[in-house]
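Reading through the structure tokens given below for one structure.
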Amino acid sequence: MNKTGKSFWALLADNAVPIVFIVISAIAIPLSGFSASYLVQELLVRIGRNSFLILSLLIPIMAGMGLNFGMVLGAMAGQIGLIMVSDWAIVGIPGMVLAMMVGTPIAAVLGVFCGSVLNRAKGQEMVTGYILGFFINGVYQLVVLYLMGWVIPVTNPVLLLSRGYGIRNAVSLIGIRGVLDNLIPVSFPFMGGVVRIPLATLLVIAAFCFFIVWFRRTKLGQDMRAIGQSQPVSDSAGIAVNKTRIIAIVISTVLACYGQIIYLQNMGTLNTYNSHDQAGMFSIAALLIGGASVSRASIANVFVGVILFHLMFIVAPMAGKNLIGQAQIGEYFRVFVSYGIIAIALVLHAWKRNRDREAARRSLRGPAGSPAKEAA
Amino acid sequence: MIKKFIENAGWPRVIIGLFLLGLFIAAPFVGVRVDTSLSDTLVRFGMNAVMVLAMIPMVQSGCGLNFGLPLGIIAGLLGATLSVELNEKILAHCAQYVDAAAWGAPISFASAIVMALPIAAVLGYLYGKLLNRVKGDEMMIATYVGFSSVAFMCIAWLLLPYKNPTMIWGYAGAGLRTTISVNGYWFHVLSDFLAFTPFGLSHLYVPTGMLLFFAFMAFLVWLFMRSKTGTAMTAVGSNPEFARASGVNVDRMRVISVMLSTMLGAVGILVYEQSFGFIQLYMGPFYMALPAVASILLGGASVNKASILNVAVGTFLFQGILTMTPSVINSVLQTDMSEVIRLIVSNGMILYALTRKVRVKR
């Protein structure tokens, strides 16, 4: 095989997932019958809403810890911040900032806990983080459903359940709804409609991207990349492996906390017991659809992923309805794809890693190696 | 001696066991009937035990905890729905051999198992082949294989050409309902077999048939694990390199174990449904793996070692806590904390096992 052919196939194989999604979207968009201006508007809203959460996944991947399923811990911390701010009735940007300030220490503590647990389960970070999410979800429910209004002072009757303690299932965030999105109002006419841009949110996301670019070049960022390459080598090079891994998770958790606050200020309502559940799954699916793998992810992956994933999010139910007459099928298809894509990405990664490991072992044996192996 | 017992049983089991005992002791003082609670615990034990048993083969062969249990459950659901769909034909066919009126329900239930097993075997085979490619990451991938297969089947349940009017949506005339009653087919077919209420306590219902069925399945697994294949499987789980050196086909053993786990999962959900009375489709099987995983770990299994005793002890403790906490804690605190306690205990157990494994390895 010649060189150009090989690189073409390699390129295709590397980007197989985004390509498949572009094809699915290309088929589904005309079927859904949505107008271009509607799609662009929806996409802009969703980029603003979700990008920050997805970006928070990048740093643990850099440190070789895989997809941080423990990011839901950060989301929960953010939600606690929002509940407290709603109780204190602080609105607007100050409310959001205060929610972040309340959420940060909680997220940091949870991050340290998560990092320490993951350090005890090296090689199983993802499944451990995933179960940890469920575990902390239990603790979160204990706090929000029983301790708030009883041990933790929450007095606003709009928030509390009628029994006097515990937070209601849905909390209206009317005070901070859209405050960041509408901080700098910009809109322009586009193909027969008017598209509004959540400029301030996008600026915050851009600032975050610059932070990540800058962070990669710091000493700490370089340490993390080294650990991502090889833990034993980093260890002998004098990098405190465990400590650095914990820092990576803490940063990710705190950022996920901010991400969830930005997400919820756009949504305007907090589903106290469900909002965080989906944050992790959808963010991870979007990142993988953007062409990232368990060990390699870039900022470009985030934005490609958020666009493709949410494009499908918007068009799949309508396309399903127009094609088969049942919106439900499109809905289930979307769920199937979200989970399927994570499964496939994990399989491809593990498969490749095992093959690489096998190849490395063969190369150690040398060319004269084992004749028995060749005979078999 | 107490110290030795605690060491053998392990701290988590002792604590949870004492907690459960405390709940049973406290129950009468807060107005909860002990006999009803005990009966509920037994019923739930019987309902879930076979699904927990489905963990054993995969754990023993080193494939880790079977988070992909929903795959086996799907096979069971297919068997269950098919048995309801084809109920009349099957019974008409069997009527020439036996008395259909007396044997209708058992035959129908048996047909569900018979139809579920090959589906489970095929799915398990493919699933096992997949897991062989991803050694070291089985648990995470199993989770998502389970999830995506459940989501895929959501589409299939809508589209499959089932005709039985008790199963499909009335107004659309197509697509299966979210819950299908098995009343009139094989409701309580195992549970009520030889069921009795001992000591004249009318509230203490013992689902003998279901417990016997679990004992039978456990015996089969026990027998299998002592066969040549079973021993080889355990060897693969304990030390794959050593097993390969002794001439065991590692990949083949792993595939067999996954098939077995999936098939047990299929039978497990059928046992569950006949007691519960409903077939739960769509997102029903979604989170069913976690309680089963937590149960066997609570019983003292680790990520790569599990026994029948672990299954029995773990399921009893787990289901006992699930039954007792809502009633007792509810009466004491006037709130229902069972869901929160379930989340913390079950996931705490899984976390404990995942982090403990590494420490042992070092």
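Quick notes
- Within the span defined as region B:264-282, every residue fails to be over 23 Å from residue B:219 (Cβ atoms) and without any contact (Cβ under 8 Å) to a residue 60 or more places away in the chain.
- No other residue among B:295, B:327, B:275, B:338 is of a type in the set (S, T, N, Q) and within 13 Å of chain A (Cβ to nearest Cβ) apart from B:338.
- Subset of region A:130-152 (residues that are outside any helix (DSSP H, G or I) and either in contact with a helix residue (DSSP H, G or I) (Cβ under 8 Å, 6 or more places away or on another chain) or closer than 16 Å to residue A:275 by Cβ (or both)): A:148, A:152
- Residue in region B:310-321 that is more than 26 Å from residue B:62 (Cβ to Cβ), at pLDDT below 85 and not in a loop (DSSP other than H, G, I, E, B) present: yes
- Filter result for residue B:221 (under 30 Å from residue B:62 (Cα atoms), β-branched (Val, Ile, Thr) and buried (at least 20 other Cβ atoms within 10 Å of the Cβ)): yes
- Selection from region A:97-124 of residues that are under 15 Å from residue B:139 (Cβ atoms) and part of a helix (DSSP H, G or I): A:118
- Selection within region A:297-344 - more than 8 Å from chain B (Cβ to nearest Cβ), on the phi < 0 side of the Ramachandran plot and not in a helix (DSSP H, G or I): A:297, A:298
The rows are residues; the columns are (1) under 30 Å from residue A:37 (Cβ atoms); (2) touching a residue at least 12 places away in the same chain (Cβ under 8 Å); (3) polar (S, T, N, Q).
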{"site": "A:179", "(1), (2), (3)": "yes, yes, no"}
{"site": "A:183", "(1), (2), (3)": "yes, yes, no"}
{"site": "A:189", "(1), (2), (3)": "yes, no, no"}
{"site": "A:197", "(1), (2), (3)": "yes, yes, no"}
{"site": "A:204", "(1), (2), (3)": "yes, yes, no"}
{"site": "A:248", "(1), (2), (3)": "no, yes, no"}
{"site": "A:255", "(1), (2), (3)": "no, yes, no"}
{"site": "A:263", "(1), (2), (3)": "yes, yes, no"}
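- Pair list, Cβ under 6 Å, 6 or more apart: region A:306-335 residue under 23 Å from residue A:54 (Cβ atoms), other residue modelled with pLDDT of 80 or more and acidic (Asp, Glu): A:314/A:42
- The residues in region B:155-178 that are among the hydrophobic types (A, V, I, L, M, F, W, C) and either touching an Asp or Glu at 6+ places or on another chain (Cβ under 9 Å) or farther than 29 Å from residue A:341 by Cβ (or both) can be counted, and the count is 4.
- Checking the stated criteria, residue A:261 turns out to be aliphatic (A, V, I, L, M), out of contact with any strand residue (DSSP E or B) (no Cβ under 8 Å at 6 or more places or on another chain) and buried (at least 24 other Cβ atoms within 10 Å of the Cβ).
To keep it simple, each residue is scored yes or no on (1) assigned to a helix (DSSP H, G or I); (2) β-branched (Val, Ile, Thr); (3) at pLDDT 90 or above.
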{"position": "B:265", "(1), (2), (3)": "yes, no, yes"}
{"position": "B:279", "(1), (2), (3)": "no, yes, no"}
{"position": "B:283", "(1), (2), (3)": "no, no, no"}
{"position": "B:287", "(1), (2), (3)": "no, no, no"}
{"position": "B:290", "(1), (2), (3)": "yes, no, no"}
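- Region B:89-128, subset among the hydroxyl-bearing types (Ser, Thr, Tyr) and buried (at least 21 other Cβ atoms within 10 Å of the Cβ), residue nearest to the other protein chains (Cβ to nearest Cβ): B:127
- Residue count for region B:206-255 satisfying the condition of being more than 30 Å from residue B:36 (Cβ to Cβ) and assigned to a loop (DSSP other than H, G, I, E, B): 6.
- The number of residues in region A:353-366 being within 11 Å of chain B (Cβ to nearest Cβ) and either of a type in the set (Asp, Glu) or surrounded by 15 or more Cβ atoms within 10 Å (Cβ to Cβ) (or both) comes to 3.
- Yes/no for residue A:127 being assigned to a helix (DSSP H, G or I), over 28 Å from residue A:160 (Cβ atoms) and either in contact with a Lys or Arg (Cβ under 7 Å, 6 or more places away or on another chain) or more than 11 Å from every other protein chain (Cβ to nearest Cβ) (or both): no
- Strands (runs of 3 or more DSSP E) within region A:158-249 that include 3 or more residues surrounded by 16 or more Cβ atoms within 10 Å (Cβ to Cβ): A:193-198
- Taking the listed residues A:25, A:37, A:7, the one that is of a type in the set (Gly, Ala, Ser), within 17 Å of residue A:341 (Cα to Cα) and part of a helix (DSSP H, G or I) is A:25, with no other qualifying.
- Screening the candidates B:261, B:227, B:275 for the property of being of a type in the set (Gly, Ala, Ser), within 20 Å of residue B:117 (Cβ to Cβ) and in contact with a His (Cβ under 7 Å, 6 or more places away or on another chain) yields one hit, B:275.
- Enumeration of residues in region A:90-124 that are within 14 Å of residue A:251 (Cα to Cα), away from chain B (no Cβ under 13 Å) and of a type in the set (Gly, Ala, Ser): A:103, A:107, A:108, A:111
- Residue under evaluation residue A:255, criteria (1) touching a His at 6+ places or on another chain (Cβ under 8 Å); (2) part of a helix (DSSP H, G or I), criterion not met: (1)
- Count - residues of region B:129-186 that are more than 9 Å from every other protein chain (Cβ to nearest Cβ), free of Cβ contacts under 8 Å to residues at least 12 places away in the same chain and either surrounded by 22 or more Cβ atoms within 10 Å (Cβ to Cβ) or over 28 Å from residue B:111 (Cα atoms) (or both): 1
- Residue check, residue A:303 within 21 Å of the chain's Cα centre (by Cα), at pLDDT 80 or above, under 30 Å from residue B:175 (Cβ atoms) and aromatic (Phe, Trp, Tyr): no
- Selection status of residue B:32, in contact with a Pro (Cβ under 6 Å, 6 or more places away or on another chain) and surrounded by fewer than 24 Cβ atoms within 10 Å (Cβ to Cβ): no
The values are calculated or read from the model by the stated rules, or taken from the named source; none is laboratory data. Small disclaimer: the values here were computed from a predicted structure and weren't measured. Glycine also receives a Cβ, built like all others from the backbone with ideal geometry; neighbour counts cover every protein chain displayed.
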